[in-house]
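**Student:** Quick one: this structure, given as structure tokens, is what I'll be asking you about.
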Amino acid sequence: MLEQGTLFEDITSQPLAARLRPRTLEEYCGQKHLLGEGKVLRRLIESDQIGSMIFWGPPGVGKTTLARIIAQRTKATFIDFSAVTSGIKEIKQVMEQAEKNRRFGGKTILFVDEIHRFNKAQQDAFLPFVEKGSIILIGATTENPSFEINGALLSRCKVFVLQALSADELCELLHHALRDPRGFGNQEIEIPEELIRAIANFANGDARSALSTLEMAVLNGTLEGTKTVVTDETIEQITSKKSLLYDKKGEEHYNLISALHKSMRNSDPDAAVYWLARMLEAGEDPIYIARRVTRFASEDVGLADPRALELCVAAFEACRLIGMPECSVHLTQAVVYLSLAPKSNALYVAYERAKKDALTMLAEPVPLVIRNAPTKLMKELDYGKGYQYAHDSADKLTDMQCLPDSLAGKTYYSPTDEGLETRFKARLEEIKAWKAQHKKQDPPKKDK
């Protein structure tokens, strides 16, 4: 669908998110890494040196809004173009209009929402017009441009990654909505700060979702005289989440993730599933839980059951690809598996031991025997001299020392007798015994 923007559209009947759409960079919320003072995109906008670009980021972070601000700031004709409802015919119409503008010295910014939905032929139709400057193309996508945008078109566009808004940024936006006359500034609204924070957490980085939730909360609030009061029950009704009042940055957040960890460590699947449900139903990001569960697979199970890590990575990918509520069962599978798996923290202990030495013995040289020698000078300096290639040995083992001299013989990894780690323990003992048996003796010193 083709739509030419205007600054004089009637917004009285529009949703709160549309009414509060920022009009200037100063009003724009988030993306400080791109739009903060002196940052690259802000400099391009302020100097009117905008070129074709792709905005890549999750829903509700301001991709369309930013394109409109750019159009207004650069005094260009702004054409809103949807990849969902448009085809080659509509593209040609837009290009003809843009070419006319160019001939009369005008700029045309063509904003293509969900540009990843265009097929190769449709994307290719933009190429000649981008190349000769008939249009400045700004595409918005929630998908990775490397996979979804044609290489030829992508090479002519600068990709800017827009990030999900933080809870603090969303709280700031919600307060602005309550103050601004375009929002609820002309009404008396009473809403506790913890509910504003809860709405921000629930929105999960999406400004549009946060404003829509606030609007529903106000519309369903209790009228007390001229004042509208928003309560816990109002928010629970709107979101269908009894546990919404859970601060993702507060103490309860850390208490619950700690409870999940300790329940799995204590091999209690029922408790682990309960704490998992508590977090998910409170609006916790499933990706955060998946990250922590994947860490647990190596920290607390490790080589006692190597498959635990595979299963947890698969659950992480499921959370990333399909999200809530569907991914709740994948996390449940991972949490129950980890609860029932044999436990070993040998890998965690090994790394902590090595980290301590790595931080306190920073200058230990790499033994010459295992250094790479790509140049003649390095070879002359004995880099790699005496290196033993394990695959040339019948036992696939050598007695070569790989630790620095000051740490020779140091043990970091001590396998346990839990689960499959017994196999790794037996193998490590065989290796150490072989090395002790084949260790080269220093030649006897000759009397002078």
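**Student:** If you place +1 on the Cβ of every Lys and Arg and -1 on the Cβ of every Asp and Glu, how big does the dipole about the Cα centre of the chain come out, in debye to the nearest 20?
**Tutor:** So the dipole magnitude of the chain works out to roughly 2120 debye.
**Student:** Rounded to the nearest 500 deg cm²/dmol, what is the calculated helix-only ellipticity per residue at 222 nm for the chain, with -39500 (n - 2.57) per DSSP H run of length n ≥ 4?
**Tutor:** Calculated from helices alone, the mean residue ellipticity at 222 nm is -14000 deg cm²/dmol.
**Student:** May I pose another question? Over the chain, with every protein chain in place, what whole percent of the accessible area is carbon and sulfur at 1.4 Å, could you tell me?
**Tutor:** That fraction is 53 percent.
**Student:** In this model, which of Lys343/Lys432; Lys410/Lys435; Lys385/Lys432 are farther than 20 Å apart at the alpha-carbon?
**Tutor:** Working: Lys343/Lys432 24 Å; Lys410/Lys435 14 Å; Lys385/Lys432 24 Å.
Listed pairs above 20 Å: Lys343/Lys432; Lys385/Lys432.
**Student:** Another question, if that's okay. Go ahead and set up a Gaussian network model of the chain, Cα springs under 10 Å, then flag whichever of Ser298, Ser393, Ser414 fluctuates most.
**Tutor:** Largest GNM mean-square fluctuation: Ser393.
**Student:** Which pairs in the list Lys63/Lys89; Lys100/Lys132; Lys356/Lys396; Lys120/Lys158; Lys92/Lys132 are over 22 Å apart, alpha-carbon to alpha-carbon? Write out the running numbers ahead of the final one.
**Tutor:** On the way: Lys63/Lys89 25 Å; Lys100/Lys132 13 Å; Lys356/Lys396 31 Å; Lys120/Lys158 19 Å; Lys92/Lys132 15 Å.
In this structure, Lys63/Lys89; Lys356/Lys396 lie more than 22 Å apart at Cα.
**Student:** Another question about this same structure. Taking 0.36 nm per residue of separation and subtracting the Cα-Cα distance, what length does fully extending Val159 through Lys376 add?
**Tutor:** Details: separation 217, 0.36 × 217 = 78.12 nm, distance 4.27 nm.
In short, 73.8 nm is gained.
**Student:** Can you run phi through the Karplus equation (6.51, -1.76, 1.60; θ = phi - 60°) for segment 127-132 and list ³J(HN,Hα) in whole Hz, with x for Gly and Pro?
**Tutor:** Working through the residues one at a time gives 3, x, 7, 5, 5, 8 Hz.
**Student:** Could you give me the ³J(HN,Hα) list for segment 405-415, computed from phi with Karplus coefficients 6.51, -1.76, 1.60 and θ = phi - 60°, whole Hz, x at Gly and Pro?
**Tutor:** Those phi angles translate into 4, 5, 10, 3, x, 5, 10, 10, 9, 10, x Hz.
**Student:** Return the long-range amide H neighbours of Met53 (sequence gap of 5 or more, or a different chain), with a cut-off of under 5 Å between placed amide H atoms.
**Tutor:** It is Leu137, Ile138, Gly139, Lys158, by chain and number.
**Student:** Using the Cα atoms of segment 19-150, I'd like the radius of gyration and the largest Cα-Cα distance, Dmax, both in angstrom.
**Tutor:** Computed over the Cα atoms of segment 19-150, radius of gyration and Dmax are 14.5, 41 Å.
**Student:** Another question, if that's okay. Can you work out the base-10 log of I(q)/I(0) for segment 150-286 at q = 0.11, 0.16, 0.17, 0.19 1/Å, using the Debye formula on its C-alpha atoms alone?
**Tutor:** -0.52, -0.84, -0.90, -1.03
**Student:** Sorted by packing (mean other beta-carbon atoms within 10 Å per residue), highest first, where do 134-141, 68-75, 383-390 land?
**Tutor:** Top of the packing list down: 134-141, 68-75, 383-390.
**Student:** Let me know the volume per residue of the alpha-carbon convex hull for segment 322-448, in Å³.
**Tutor:** Given the Cα convex hull of segment 322-448, per-residue volume reads 239 Å³.
**Student:** Another question, if that's okay. Out of Arg197, Arg320, Arg427, any idea which swings most in a Gaussian network model of the chain, alpha carbons joined below 10 Å?
**Tutor:** Looking only at Arg197, Arg320, Arg427, the biggest GNM fluctuation is shown by Arg427.
**Student:** Once amide H atoms are placed 1.01 Å from N in the peptide plane, what residues at a sequence separation of 5 or more from Met400, or on another chain, have their amide H within under 5 Å of its amide H?
**Tutor:** none
**Student:** In Å and whole numbers, how far do the C-alpha atoms of the chain stretch along each principal axis, longest first?
**Tutor:** 100, 60, 39
**Student:** Another question, if that's okay. Using just the Cα positions, wrap segment 278-373 in a convex hull and report its mean projected area in square nanometres, one decimal place.
**Tutor:** If you wrap the Cα atoms of segment 278-373 in a convex hull and average its projections, you get 9.2 nm².
**Student:** Would you grab the residues whose amide H sits under 5 Å from the one on Arg371? Only those 5+ places off in sequence or on another chain, please, with H modelled 1.01 Å from N.
**Tutor:** Placed amide hydrogens put Gly384 under 5 Å from Arg371.
**Student:** Now for a separate question. Pairwise over distinct Cα atoms, reciprocal of the mean inverse distance: report the Kirkwood radius of segment 102-150 in Å, one decimal place.
**Tutor:** 11.6
**Student:** Just tell me which aspartates and glutamates come within less than 16 Å, Cα to Cα, of Lys227; anything on the same chain fewer than 8 places away is out.
**Tutor:** The reachable aspartates and glutamates, counting only those whose Cα sits under 16 Å from Lys227, are Glu188, Glu190, Glu215.
**Student:** Also: Find, to one decimal place in angstroms, the Kirkwood hydrodynamic radius of segment 66-215, where the mean of 1/r is taken over every pair of different Cα atoms and then inverted.
**Tutor:** Hydrodynamic radius (Kirkwood, Cα pairs) of segment 66-215 is 17.7 Å.
**Student:** Okay, moving on. Write down the accessible area per residue of segment 192-321 in Å², having rolled a 1.4 Å probe over the full set of protein chains.
**Tutor:** On a per-residue basis, 47 Å².
**Student:** Same structure, new question: Note down the net charge around Gly139, summing +1 for each Lys or Arg and -1 for each Asp or Glu among other residues with Cβ under 13 Å from its Cβ.
**Tutor:** Taking every Cβ under 13 Å from that of Gly139, the sum is -1.
The values are calculated or read from the model by the stated rules, or taken from the named source; none is laboratory data. Not measured: the values here are computed from a predicted model. When we count neighbours, we look across all protein chains shown, and the Cβ atoms used for this are built from the backbone with ideal geometry, even at glycine. Heavy atoms of the whole protein, side chains included, go into the accessibility calculation; ligands, DNA and RNA do not. Shrake-Rupley method; radii C 1.70, N 1.55, O 1.52, S 1.80 Å.
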